[in-house]
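Comments concern the structure below.
The numbers here are math on the coordinates, done by the rules we state, and not lab data. Here the structure is a predicted model, which means the values were calculated and not measured. Please note: Cβ atoms are built from the backbone with ideal geometry, for glycine as well, and neighbour counts cover all protein chains shown.
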Amino acid sequence: MSEPLILDPSQYPDISNLVLEDNTPLDSFINEKQQRLLTTVFYSGADTGITVPFIAAANVGLFSTIRQAGIAPDAFLSLNISGGEDWWERQVRSYLFWEFGKPPEVVIEVVSPTPGNELGSKLIDYARMRVMYYVVYDPLLKLGNTPLRIFQLNGVSYVPKIDTWFPEVGLGLTLWNGEFENISATWLRWCYADGHPIPTGDELITQRDAQLFQTEVQLSQTEVQLSQTEVQLSQTQYQLTEEQSRTKQAFLLAIEFGLKLKFGDESLRMVEEISSLSDVSLLQAIASSLSTASSLDEIRQIYQNLGE
């Protein structure tokens, strides 16, 4: 097996003028990713707000009439198309205006390392096709110092559009610095009115994972709080039991002392009976009656009646 050829960057061949057999400039890998980013978000499960039949596609030919040549934008979006999903079943390979009933609302061209006349013939062609908005994204600034240009149809030609919002679509475009498919760059993305990009499928998964993780954290915190509450309740219950025990013991000592003082040794059996009582309020009633009771039977009557 031959060894791979390793070149110094100064020895790299000039590929800026490479074109396909129809003289169309070659797209780069970045352009291919950019095209995918502009189309797949509509099928990622994200909420785009679009509730009508639509097509978002990349590198699909647009044909306004049978006799005129078509043109394949890097991406386009068309709303309210006729026929629903029948176009897929009928294997329509290009966007034929007479099949879908209308031109797309938005077409997007991403300027390749070798420009493809995006501000020349294509500007005229899309206006002729009656495309409402024409977007030129120039990430390498091959056409000037403005990376993003948007044109709006006015009569039979385009005029520059200042903002990046498309009211007829309910979405806009934004330049976003971040990572898409392991490539960090400035990407053109569809966005909501607040400027936040429509999430990709991977971003939705990341968001859902983050939400699940947050939910798990909250559940874990709740379990810890419940555990702490149970411990606190257990401690409170223990404290109440201890307090009740001390109160009971105090009443028993007072009753025993009062009975012996008032009735002598004949009260010893009653002390044993009263010691078996667990109701603190009953013990309190007995202790309170010692000063007025004239016999042991009178005291016994108190806890026998209250205990029933």
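Of the listed peptides 191-201, 157-167, 37-47, what is their order by residue-averaged count of other C-beta atoms within 10 Å, with the highest listed first?
37-47, 191-201, 157-167
Would you mind ranking 126, 238 by Cβ crowding within 10 Å, fewest neighbours first?
Exposure proxy ranking, most exposed first: 238, 126.
Can you sort 252, 143, 283 so the residue with the fewest Cβ neighbours within 10 Å comes first?
So the ranking, lowest neighbour count to highest, is 143, 252, 283.
What is the magnitude of the charge dipole of segment 241-301 about its Cα centre, with +1 placed on the Cβ of each Lys and Arg, -1 on the Cβ of each Asp and Glu, and no other charges, expressed in debye to the nearest 20?
Once rounded to the nearest 20, the dipole reads 120 debye.
Once you order the gyration tensor axes a ≥ b ≥ c over the Cα atoms, which shape class does segment 110-190 get: rounded for a/c under 1.5, otherwise prolate or oblate by comparing a/b with b/c?
Oblate.
Classify segment 159-215 as rounded, prolate or oblate, taking a ≥ b ≥ c as the square roots of the eigenvalues of its Cα gyration tensor: rounded when a/c is under 1.5, otherwise prolate if a/b is larger than b/c and oblate if not.
Cα axes put segment 159-215 in the oblate bin.
Cut-off under 28 Å on the C-alpha distance; same-chain residues fewer than 8 positions from residue 248 excluded. Which lysines are left, in chain and number order?
Cross-link targets: 260, 262.
Determine the sum of side-chain charges near residue 193: Lys and Arg each +1, Asp and Glu each -1, restricted to other residues whose C-beta is under 15 angstrom from that of residue 193.
My count for the surroundings of residue 193 gives -3.
Which shape class applies to segment 141-187: rounded if a/c is under 1.5, otherwise prolate when a/b exceeds b/c and oblate if not, where a ≥ b ≥ c are the square roots of the Cα gyration tensor eigenvalues?
Verdict is oblate for segment 141-187.
Test of understanding: ordering 97, 29 by Cβ neighbours within 10 Å, fewest first, what list do you get?
Sorted ascending by nearby Cβ count, the order is 29, 97.
Taking the alpha-carbon centroid of each part, what is the distance from segment 34-54 to segment 91-161 in angstrom?
Computed from Cα coordinates, the inter-centre distance equals 19 Å.
If you take every residue apart from residue 131 with its C-beta less than 14 Å away from the C-beta of residue 131, what net charge results, scoring Lys and Arg +1 and Asp and Glu -1?
So the surrounding residues net to -1.
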